[in-house]
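Visitor: Sharing a structure below in structure tokens format, with a few things to ask.
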Amino acid sequence: MHPGSRIKTAAVFMFRLVRVALVLAVAWAGAFWLYENRTLPEKKTRPAPVPTVRVMSLVPESKVMTITAFGTVAPRRQVRISPEVRGRINTLHPGFAAGGAFKKNDLLVEIDPEPFRLDLAAAQVRISQAQADIHSLEQEIKNLEKDKDLYQAALDLAQKELGRVKNLRARDFASLKTLDRAEQQVVSARIQSQAVISRLALTRPLMAQKQAVLAMARVDAQKADLALQKTHIRADFDGFVLSRSAQAGEYVIPGQILARIYEKGALDVDVKIPLEEMQWIHLDSAGETPPQARVSLAHEDGMAEQTWKAAVARVHAAVDEQTRTLPLTLEIRGSRENDQAPGMDLKPGAFVKCRIFGRQKTRVFTVPRHLLKPGNLLFLATDGHLEIRPVRVLRKVEDAVYINAGLDPGDRLITTPVPGAVAGMALDIQEDGK
């Protein structure tokens with residue numbers, strides 16, 4: 001490049017550099033002047049805001065400790081119908097089907113009774129035969145008793161005759177042949193008398209045997225009659241059929257399950273109560289009125305509540321090892337309370353909600369559970385200021401807390417959040433009802 005061109009380019013560059021530096025210097029000077037001549041804002045201290053809170057006045061009341069539990073309805077008396085004799089089913093009750101109803105003493109199942117009638121008739125024939133044999137033997141015994149007396153009299157006569165012949169023989173008035181004949185007559189009479197006595201002795205075991213035959217025949221008759229009665233299976237109570245597993249015409253054997261039935265209106269509910277809740281149920285003295293309860297169908301959204309009266313029937317003997325709860329049995333008593341409202345009757349297997357009414361406590365304050373602070377503290381409004389008061393909690397339930405110490409009637413409980421809560425802080429109070 002030519003030397004003159006280089007000098008010209010350098011001059012242009014320096015001119016531009018100086019111009020930029022001059023602009024920057026003027027801008028900095030203007031900014032500095034503005035900063036130094038700025039107007040500072042006046043500082044003012046604002047008072048701390050007073051939080052607005054709503055309160056409710058606390059009133060003590062008597063409270064029945066209610067324990068809530070869930071359970072499944074089960075029949076109190078459930079019976080499996082099974083025959084005690086074998087045979088073919090002749091007839092079944094018209095209501096002998098799942099869900100069917102029957103009355104007490106209704107004939108549920110009839111098994112063909114004809115074979116058992118024949119067995120009873122055969123046993124009665126054997127009774128008649130045994131009675132006839134005994135009667136015949138009794139007559140024979142009477143005859144033998146008479147024969148015994150006759151042969152004894154004949155023996156006595158023969159012995160007297162022998163004595164007379166011996167006296168005559170001693171005086172040579174009777175021959176030896178006559179003496180022998182007299183002795184033979186005595187022996188013959190003795191043999192006949194002994195034979196009758198022997199036959200009479202044999203009648204005793206024979207009579208015992210025939211009486212045993214008669215007794216066995218009577219037992220057979222009773223067994224046949226009992227079997228005949230058992231061909232008719234009748235209901236011991238009014239009830240319903242849970243399930244059936246037999247049909248008319250089917251051949252059944254003893255012990256075979258034909259159906260399962262349960263008694264009408266005899267229903268129970270087993271519930272499990274946590275051990276800490278048992279303190280509210282009064283189960284001290286025998287003979288007193290048991291704790292009352294109400295049973296209602298669970299999951300009945302959109303329906304009028306259906307309730308049944310119940311009572312604690314018994315407390316089980318052992319704690320459940322898995323849940324550490326104590327099982328109770330509630331006995332449902334009576335029909336549905338709101339019987340005018342539409343709904344079904346209570347059935348086995350229904351899932352129900354149970355409310356057990358326990359001990360009654362007086363002077364109890366009921367507080368929404370979410371208002372209780374950690375450490376059992378409550379926020380109260382006292383003379384327009386915040387008071388943080390400790391209380392004694394009697395019991396915690398689903399959405400409420402029962403307090404029996406630490407509160408007085410008329411205390412005003414804060415029901416809204418208090419940001420930055422500090423004891424003694426001022427409050428703007430609005431009443432929120434009782």
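Visitor: Regarding SER188, is this residue under 30 Å from GLY87 (Cβ atoms), hydroxyl-bearing (Ser, Thr, Tyr) and in a helix (DSSP H, G or I)?
Guide: When the stated conditions are applied, SER188 does not pass them.
Visitor: What's the number of the condition VAL401 fails, among (1) of a type in the set (A, V, I, L, M); (2) modelled with pLDDT under 85; (3) surrounded by 11 or more Cβ atoms within 10 Å (Cβ to Cβ)?
Guide: For VAL401, the exception is condition (2).
Visitor: Condition first: of a type in the set (Lys, Arg) and either in contact with a helix residue (DSSP H, G or I) (Cβ under 6 Å, 6 or more places away or on another chain) or in a helix (DSSP H, G or I) (or both). Now tell me which residues in region 163-185 satisfy that.
Guide: Hits for region 163-185 are ARG164, LYS166, ARG169, LYS177, ARG181.
Visitor: A further question follows. Please note which strands (runs of 3 or more DSSP E) are completely contained in region 67-162 and include at least 2 residues that are closer than 30 Å to LYS353 by Cα.
Guide: Strands (runs of 3 or more DSSP E) meeting the threshold: 78-81.
Visitor: Okay, moving on. If I go through region 156-211 residue by residue, how many of them are aliphatic (A, V, I, L, M) and either farther than 30 Å from ASP133 by Cα or touching a strand residue (DSSP E or B) at 6+ places or on another chain (Cβ under 9 Å) (or both)?
Guide: Counting residues in region 156-211 that are aliphatic (A, V, I, L, M) and either farther than 30 Å from ASP133 by Cα or touching a strand residue (DSSP E or B) at 6+ places or on another chain (Cβ under 9 Å) (or both) gives 13.
Visitor: Let me ask something else about it. Since ARG190 meets every condition but one in (1) closer than 30 Å to GLU140 by Cα; (2) of a type in the set (Lys, Arg); (3) without any contact (Cβ under 8 Å) to a residue 12 or more places away in the chain, which condition does it not meet?
Guide: Every listed condition holds for ARG190 apart from (3).
Visitor: Does region 152-172 contain at least one residue that is at negative phi, touching a residue at least 40 places away in the same chain (Cβ under 8 Å) and either in contact with a His (Cβ under 9 Å, 6 or more places away or on another chain) or not assigned by TED's automatic domain parsing to the domain that holds ALA246 (or both)?
Guide: yes
Visitor: If a residue counts only when it is aliphatic (A, V, I, L, M), which strands (runs of 3 or more DSSP E) contained entirely in region 355-434 have at least 2 such residues?
Guide: Of the strands (runs of 3 or more DSSP E) lying wholly inside region 355-434, those with at least 2 residues that are aliphatic (A, V, I, L, M) span 377-382, 385-390, 392-396, 400-405, 412-414.
Visitor: For ALA25, are the conditions met, namely being modelled with pLDDT under 90 and loosely packed, with under 10 Cβ neighbours inside 10 Å?
Guide: Criteria not met by ALA25.
Visitor: While we're looking at this one, here's another question. So LEU120 ticks every box in (1) without any contact (Cβ under 8 Å) to a residue 24 or more places away in the chain; (2) closer than 20 Å to HIS232 by Cα but one. Which box is left unticked?
Guide: It fails just one condition, (1).
Visitor: Ok, one more. Out of PRO113, PRO75, report the one residue that is modelled with pLDDT of 90 or more, surrounded by 13 or more Cβ atoms within 10 Å (Cβ to Cβ) and out of contact with any helix residue (DSSP H, G or I) (no Cβ under 9 Å at 6 or more places or on another chain).
Guide: When all the criteria are applied, what remains is PRO75.
Visitor: Do you know which of the residues in region 374-398 that are surrounded by 13 or more Cβ atoms within 10 Å (Cβ to Cβ) and among the basic types (Lys, Arg) is nearest to ILE414 (Cα to Cα)?
Guide: Restricting to residues being surrounded by 13 or more Cβ atoms within 10 Å (Cβ to Cβ) and among the basic types (Lys, Arg), the top hit is ARG389.
Visitor: A further question on this structure: Does ASP428 satisfy the criteria of being farther than 30 Å from VAL315 by Cβ, over 25 Å from the mean Cα position of the chain (by Cα) and at pLDDT below 85?
Guide: Yes.
The values are calculated or read from the model by the stated rules, or taken from the named source; none is laboratory data. Because the structure is predicted, anything quoted here is derived from the model rather than measured. Positions of Cβ are generated from backbone atoms using ideal geometry, with glycine treated the same way; all protein chains shown enter the neighbour counts.
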